[in-house]
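Colleague: One structure, as structure tokens, below. Some questions next.
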Amino acid sequence: MNLIFLGAPGAGKGTVAAKLAEQTGLTPISTGDLFRAAVKNETDLGLKVKSIMEAGGLVPDELTIALVKERLASETDGKGVILDGFPRTIAQADALKTFFKIDAVINFIVPDEKIIKRLSGRRLCRQCNAGYHIEYMPPKTENVCDACGGELFTRKDDSPESIQNRLAVYAAQTQPLIDYYKKEGLLIDIDGTPQPDTVCESVRKAIGC
Ligand code: AP5
């Protein structure tokens, strides 16, 4: 089964994708993580996208589509994937249709005021990328990853200015995909406000998995 996770920045896509992947064997593919790895490794792609990402803008469609196409081509497991954060524009959705079949699109609904609290308190592990929240999902020891002992950090695009820009970009460029996938009969709305385990359970029920 191949899923798209749609939703505003901070709606919980990455958190639920990690849980669902663990429970079902689906492979999570986050374009944000792929771009962040490119930035960290200072690849050509990373150098091109660094400043766009830090400001909360979208990476150009042609770069994003090429990256996802290449990543999906190497996906041979067969169980299926969770596309977390792709597509984010109509052009990306049109392109995806030409090379990959999607079974359902999960749309996480969370009000903006909760999104802002979630993003401003998010922390990530520098080593294993595990996600935390200083209030909602704190690590056992402050700034230390429970899973691997790595140092926790705050993403540059989780600054207040960048969060506002990401929300505006989401409304302008990504929200139209809700209607796009509704028309295709693929959209499933999920309340993203309860605890992550509950949200994950709602997704599993909705997709019958
Ligand atoms: P990306 O990494 O995809 O960022 P995003 O969409 O802004 O999503 P986030 O990772 O911020 O949020 P999330 O929904 O995964 O929430 P999370 O689970 O972490 O993309 C980054 C950048 O890359 C983009 O801005 C763009 O520049 C570029 N990019 C990526 N894809 C692109 C594309 N297709 N086209 C062009 N450019 C692209 O949760 C957030 C916080 O809330 C965490 O602290 C978590 O612990 C907490 N939390 C989660 N769920 C709950 C819950 N149920 N209750 C309480 N707290 C919760």
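The values are calculated or read from the model by the stated rules, or taken from the named source; none is laboratory data. Remember, it's a predicted structure, so these values are computed and weren't measured experimentally. So basically every Cβ, Gly included, is an ideal-geometry build from the backbone, and we count neighbours across all protein chains shown. What goes into the accessible areas is simple: the full protein's heavy atoms, side chains included, and nothing from ligands, DNA or RNA. Shrake-Rupley method; radii C 1.70, N 1.55, O 1.52, S 1.80 Å.
Colleague: Regarding the stretch 181-189, can at least one residue be identified that is at pLDDT 95 or above, touching a helix residue (DSSP H, G or I) at 6+ places or on another chain (Cβ under 6 Å) and open to solvent by less than 50 Å² (accessible area, probe 1.4 Å)?
Modeller: Yes.
Colleague: Let me ask you something else. Determine if the stretch 156-163 includes at least one residue that is open to solvent by less than 80 Å² (accessible area, probe 1.4 Å), more than 9 Å from the ligand (Cβ to nearest atom), within 17 Å of D84 (Cα to Cα) and not charged (D, E, K, R).
Modeller: No.
Colleague: Can you spot a residue in the stretch 105-117 that is open to solvent by 10 Å² or more (accessible area, probe 1.4 Å), under 19 Å from Q173 (Cβ atoms) and without any contact (Cβ under 8 Å) to a residue 24 or more places away in the chain?
Modeller: No, there is no match, as no residue in the stretch 105-117 is open to solvent by 10 Å² or more (accessible area, probe 1.4 Å), under 19 Å from Q173 (Cβ atoms) and without any contact (Cβ under 8 Å) to a residue 24 or more places away in the chain.
Colleague: Inspect all residues belonging to the stretch 137-146 and state whether any of them is among the polar types (S, T, N, Q), free of Cβ contacts under 8 Å to residues at least 60 places away in the same chain, in a loop (DSSP other than H, G, I, E, B) and touching a strand residue (DSSP E or B) at 6+ places or on another chain (Cβ under 9 Å).
Modeller: yes
Colleague: Evaluate the following for G150: is it away from the ligand (no atom under 15 Å from the Cβ) and either farther than 29 Å from N2 by Cβ or open to solvent by less than 30 Å² (accessible area, probe 1.4 Å) (or both)?
Modeller: yes
Colleague: Of all residues in the stretch 150-209, which are assigned to a strand (DSSP E or B) and of a type in the set (D, E, K, R)?
Modeller: Within the stretch 150-209, E151, D189, D191 qualify.
Colleague: Charged (D, E, K, R), within 30 Å of K69 (Cβ to Cβ) and touching a strand residue (DSSP E or B) at 6+ places or on another chain (Cβ under 9 Å): is that true of D94 in this structure?
Modeller: Spelling it out, it is not the case that D94 is charged (D, E, K, R), within 30 Å of K69 (Cβ to Cβ) and touching a strand residue (DSSP E or B) at 6+ places or on another chain (Cβ under 9 Å).
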